[in-house]
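The next block holds one structure in the form of structure tokens; read it before the comments.
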2 protein chains.
Amino acid sequence: MAKSKSFHHGDLKRALMRSALEILDKEDVAGVTIRAVAKRAGVSHAAPANHFPDRRALLTALAAEQFAVVFDKIRAGIDAKTSDTRADLDPLDRIAVLFDSFLTYGLEYPYRYQLLWRYDLVDHEVEIVKQPADRVYDFLVGEIEKVVDRNTVDPDTVSVTIWSMMHGYLDLRMTGMFEDRRDRISGAPRAQAMLMIVRDYLHDLGSRV
Amino acid sequence: MAKSKSFHHGDLKRALMRSALEILDKEDVAGVTIRAVAKRAGVSHAAPANHFPDRRALLTALAAEQFAVVFDKIRAGIDAKTSDTRADLDPLDRIAVLFDSFLTYGLEYPYRYQLLWRYDLVDHEVEIVKQPADRVYDFLVGEIEKVVDRNTVDPDTVSVTIWSMMHGYLDLRMTGMFEDRRDRISGAPRAQAMLMIVRDYLHDLGSRV
DNA sequence: CTTTCATATTGACACTGTCTATATTGACTT
DNA sequence: AAGTCAATATAGACAGTGTCAATATGAAAG
């Protein structure tokens with residue numbers, strides 16, 4: 001085997017990513033310093049350099065992994081609901097699962113979620129990030145295209161709009177923008193209400209065909 | 001006079017904020033370091049401490065100012081359109097102006113816009129930030145309440161949804177999420193198309209009353 | 001057993017924010 | 001007009017950061 005326990009430390013790369021994630025579960029990405037991660041993994045401050053050329057590379061790898069996690073969450077959610085109802089879900093229900101998976105993830109792991117979109121810390125051009133991120137987005141576009149009539153409205157615009165709404169809500173929540181009176185119904189219930197708006201909108205579009 | 005030219009430097013506080021903004025127009029907020037701002041203003045690296053206890057305070061003051069700028073933009077936009085048509089705008093048009101002002105600002109000054117929502121760098125609890133930010137948001141809520149029927153849908157949720165969409169689009173654009181095929185119609189035209197969706201949605205809501 | 005080379009360590013450098021002690025200087029008091 | 005005071009600016013230091021270079025370690029290959 002090539003990846004188990006062999007060298008000085010034994011798969012330090014994985015250990016570093018795990019340490020980084022553990023920090024990210026407690027604090028802001030600012031706390032994920034090379035030195036802190038190294039210390040937590042029990043190695044010297046320069047050891048990570050052998051596996052990640054710089055901090056950006058470490059955080060990029062972490063984000064890539066998490067994008068994949070989100071995609072798996074969506075897939076699992078759809079599978080679960082499908083086997084429940086013993087029938088294929090219609091596009092609106094599948095979009096609802098996407099929406100729900102995303103919001104659940106974001107509300108449960110705010111710092112992980114934030115990392116995903118820190119373009120100053122994560123390289124979104126690199127393939128290991130692009131691919132899993134695309135898979136999620138493409139899924140949304142695919143479902144929207146099934147629902148929407150091209151002659152009535154541009155499916156791309158609808159996709160961008162829904163994705164924006166989803167992300168915007170999570171991002172703004174973390175700034176505290178929606179706290180206090182603004183979010184009397186906060187967190188998941190609010191998200192459900194937002195989903196209803198999307199549902200209504202899409203349903204209306206469908207019936208206009 | 002108390003604020004013109006008097007002390008060692010002469011209203012260094014203003015000069016520092018101007019320097020910071022100039023940097024922010026060229027690069028990420030990461031480039032807005034205390035030392036860089038000080039150098040640009042022609043003072044020593046510790047001089048800013050007399051006016052801002054720490055970097056957070058400087059960035060908070062900057063964000064506060066910019067929130068006010070955005071609000072003024074909206075107000076000016078509405079005034080302009082009102083004097084054009086020589087009649088009061090209906091709520092949908094006023095929301096359109098809000099939408100447009102925000103997106104124009106965000107697309108023109110991406111780094112300024114991003115600073116507004118960096119809760120790790122800006123104190124959103126402090127009054128100088130809260131007040132101008134609230135004024136913008138309250139404006140949106142006020143107009144939505146005029147359009148929406150409380151029995152059909154919760155106006156708060158609609159406000160949160162629209163605000164989220166607006167912010168989410170700008171934020172995601174900067175990560176590159178909507179580049180390439182995803183945003184063939186990019187920037188302002190895409191924003192216009194999104195606004196259309198909002199318009200349609202709100203209009204339908206209105207006609208259901 | 002020796003060589004080899006990926007991996008890990010130590011130490012250094014430039015940069016950051018922030019603290020302390022010191023110097024400057026405009027404005028007010030007498 | 002002279003002298004005091006308080007606000008403002010400076011210089012230097014410190015701990016922390018990412019990253020680079022030189023060195024050490026040790027598992028696997030010959």
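The values are calculated or read from the model by the stated rules, or taken from the named source; none is laboratory data. This structure is a prediction, so every number in the text was calculated from the model and none was measured. We place every Cβ from the backbone using ideal geometry, glycine too, and count neighbours over all the protein chains shown. Accessible surface is based on the protein model in full, side chains and every heavy atom, while ligands, DNA and RNA are left aside. Shrake-Rupley method; radii C 1.70, N 1.55, O 1.52, S 1.80 Å.
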(request) For helix A:155-175, report the angle its Cα long axis makes with the longest principal axis of the Cα atoms of chain A; keep it between 0 and 90° and round to the nearest 10°. (result) 60
(request) Starting from the coordinates of the alpha-carbon atoms of region A:55-207, obtain the Kirkwood hydrodynamic radius over all distinct pairs and give the value in Å to one decimal. (result) 16.5
(request) Assign unit charges at the C-beta atoms only (+1 for Lys and Arg, -1 for Asp and Glu), then state the dipole size of region A:130-173 relative to its Cα centre in Debye, rounded to the nearest 20. (result) 160
(message) So if I place +1 on the C-beta of Lys and Arg and -1 on the C-beta of Asp and Glu, and nothing else carries charge, what would the dipole magnitude of region A:55-207 be about its Cα centre? I want it in debye, nearest 20.
(response) 480
(request) Note the distances from A:Asn151 to each other copy's matching label point, with points 7 Å along the Cα-to-beta-carbon direction, in nm, sorted shortest first. (result) 3.6
(message) On the rotation axis linking copies B and A, which residue of B comes nearest by its Cβ, and by how many whole Å?
(response) B:Gly168, 1
(message) Rg/Rh for the protein assembly as shown to two decimals, with Rh computed the Kirkwood way over all alpha-carbon pairs.
(response) 1.00
(request) Run the quick spin-label model on B:Leu92 and A:Glu27: label points 7 Å from Cα toward the beta carbon, then report their separation in nm to one decimal. (result) 5.1
(request) Treating only the Cβ atoms of Lys and Arg (+1) and Asp and Glu (-1) as charged, compute the dipole magnitude of region B:34-104 about its Cα centre; round to the nearest 20 debye. (result) 580
(message) Defining the label point at 7 Å along Cα→Cβ, can you sort the distances from A:Ala57 to the same site in each other copy, shortest first, in nm?
(response) 4.0
(request) May I ask you to evaluate 6.51 cos²θ - 1.76 cosθ + 1.60, the Karplus curve with θ = phi - 60°, for each residue of region A:126-135 and list the ³J(HN,Hα) values in order in whole Hz, giving x for glycine and proline? (result) 6, 5, 5, 8, 4, 4, x, 5, 4, 4
(request) Set Lys and Arg Cβ to +1 and Asp and Glu Cβ to -1, take the dipole of region A:9-52 about its Cα centre, and tell me which of A:Leu16, A:Gly42, A:Val29 lies farthest positive. (result) A:Gly42
(request) Only loop residues by DSSP count here, and only those with at most 11 other Cβ atoms within 10 Å; note down the GluC sites (Glu not before Pro) in region B:70-146 that meet that. (result) B:Glu125
(request) For B:Asp79 and B:Arg56, compute 0.36 nm times the residue count separating them, minus their Cα-Cα distance, and round to one decimal in nm. (result) 4.8 nm
(message) Nearest 10 degrees is fine. How inclined is helix B:12-26 to the longest principal axis of chain B, computing both from alpha carbons?
(response) 60
(request) Kindly sort B:Met196, A:Met194 by accessible area of their heavy atoms, largest first, with the probe set to 1.4 Å. (result) B:Met196, A:Met194
(request) Loop only per DSSP, at most 14 neighbouring Cβ atoms within 10 Å: give me the trypsin sites (Lys or Arg not before Pro) in region B:84-168, ordered by residue number. (result) B:Arg86, B:Arg118, B:Arg150
(request) Could you pull the copy-to-copy label distances for B:Asp84, with points set 7 Å along Cα to Cβ, in nm to one decimal and sorted shortest first? (result) 4.8
(request) Using label points projected 7 Å from each Cα along Cα→Cβ, tell me how many nm separate A:Ala188 and B:Ala49, to one decimal. (result) 4.9
(message) Beyond a 28 Å Cα-Cα separation, which of these cross-linked pairs lie in this structure: A:Lys146/B:Lys81; B:Lys73/B:Lys146; B:Lys13/B:Lys73?
(response) A:Lys146/B:Lys81
(request) May I ask you to derive the relative contact order of chain B, considering only C-alpha pairs under 8 Å and at least 6 residues apart, and to give it as an integer percent? (result) 20
(message) Give me a comma-separated list of calculated 3J(HN,Hα) values for region A:111-120, in order, Karplus coefficients 6.51, -1.76, 1.60 applied at θ = phi - 60°, integers in Hz, x for any Gly or Pro.
(response) 6, 5, 4, 4, 4, 3, 10, 7, 5, 7
(request) Return an integer: the convex hull volume of the alpha-carbon atoms of region B:17-120, in Å³ per residue. (result) 108
